[in-house]
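The values are calculated or read from the model by the stated rules, or taken from the named source; none is laboratory data. What you are looking at is a predicted structure, and each value in this text was computed from that prediction instead of being measured. Glycine also receives a Cβ, built like all others from the backbone with ideal geometry; neighbour counts cover every protein chain displayed. Quick note on the areas: whole protein, heavy atoms, side chains included, nothing else; ligands and nucleic acids left out. Shrake-Rupley method; radii C 1.70, N 1.55, O 1.52, S 1.80 Å.
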Amino acid sequence: MTERKYETRKRILAAAGRVLAERGPGDPAVAEVMAAAGLTVGGFYAHFSSKDALMLEAFRQLLGVRRERLAGVDQRLDGRERRALLAAFYLSRRHRDEPADRCPLPSTLAEIERLPDGFRLALVEHVEQMVAQMSATPEEADTALADLALMVGGLALARALGAGELSDRLLRAAKAAVL
């Protein structure tokens, strides 16, 4: 792959990731993603075989970024401390309201049953890896799994409620439950 083609592919994936994190993988049309990347639809198939292939790669990439960030947390911290740090960021107003750098799970989970199997496989892999990163010992795995479910569900509901007092209370309550 030439450097130019690689850079173009990166732009398309970045645009797809932004739209996916905001609205999920099913909603955006290829034309919208390509326009967001500053390209025309005509060049799409030189990079991806289908919209599903693009969105799956963008989904995997976004999930990978999340795991990389968690891996950057001081590994000397125990699992509870790691989960507390993650909850402090993940269940924040900023993460709820900021359109850039959104977690793709709240926008994708409702669609997962209608998407190609690769999305579910990517989700399973992500959850397993996140739980491992959030647990200092194997005994903590179920607690980490429950905390992850609470964080993703809490953020999804807070985003659905929109910015406001009830949404803020929900974020605080979910964060307190993890802590």
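Under the condition of being farther than 11 Å from residue 70 by Cβ, in contact with a Ser or Thr (Cβ under 9 Å, 6 or more places away or on another chain) and touching a residue at least 60 places away in the same chain (Cβ under 8 Å), the residues counted in the range 133-143 number 1.
Sort out which residues of the range 38-72 are aliphatic (A, V, I, L, M) and either within 20 Å of residue 108 (Cβ to Cβ) or touching a residue at least 40 places away in the same chain (Cβ under 8 Å) (or both), and write them in order of number. Selection gives 46, 53, 54, 55, 56, 58, 62, 63, 65, 70, 71. When 132, 173, 160, 156 are checked against the criterion of being small (Gly, Ala, Ser) and over 16 Å from residue 95 (Cα atoms), 132 stands alone in meeting it.
Any chance the range 44-53 includes a residue that's over 21 Å from residue 122 (Cα atoms), of a type outside the set (D, E, K, R) and outside any helix (DSSP H, G or I)? Taking every residue of the range 44-53 in turn, none turns out to be over 21 Å from residue 122 (Cα atoms), of a type outside the set (D, E, K, R) and outside any helix (DSSP H, G or I).
Within the bounds of the range 123-132, is there any residue that is open to solvent by 50 Å² or more (accessible area, probe 1.4 Å), at negative phi, free of Cβ contacts under 8 Å to residues at least 40 places away in the same chain and of a type in the set (Val, Ile, Thr)? Taking every residue of the range 123-132 in turn, at least one turns out to be open to solvent by 50 Å² or more (accessible area, probe 1.4 Å), at negative phi, free of Cβ contacts under 8 Å to residues at least 40 places away in the same chain and of a type in the set (Val, Ile, Thr).
Scanning the range 133-163 for residues that are open to solvent by less than 20 Å² (accessible area, probe 1.4 Å) and not in a helix (DSSP H, G or I) yields one hit, 135. Residues that are of a type in the set (Asp, Glu) and touching a residue at least 24 places away in the same chain (Cβ under 8 Å) do occur in the range 73-80, at least one of them. Looking only at residues in the range 23-55 that are of a type in the set (A, V, I, L, M, F, W, C) and open to solvent by 40 Å² or more (accessible area, probe 1.4 Å), the one that is nearest to residue 118 (Cα to Cα) is 29.
Going by what's in this entry, would residue 26 be described as touching a helix residue (DSSP H, G or I) at 6+ places or on another chain (Cβ under 6 Å), closer than 22 Å to residue 121 by Cβ and at pLDDT below 90? Yes; evaluated as a whole, the condition is true for this residue.
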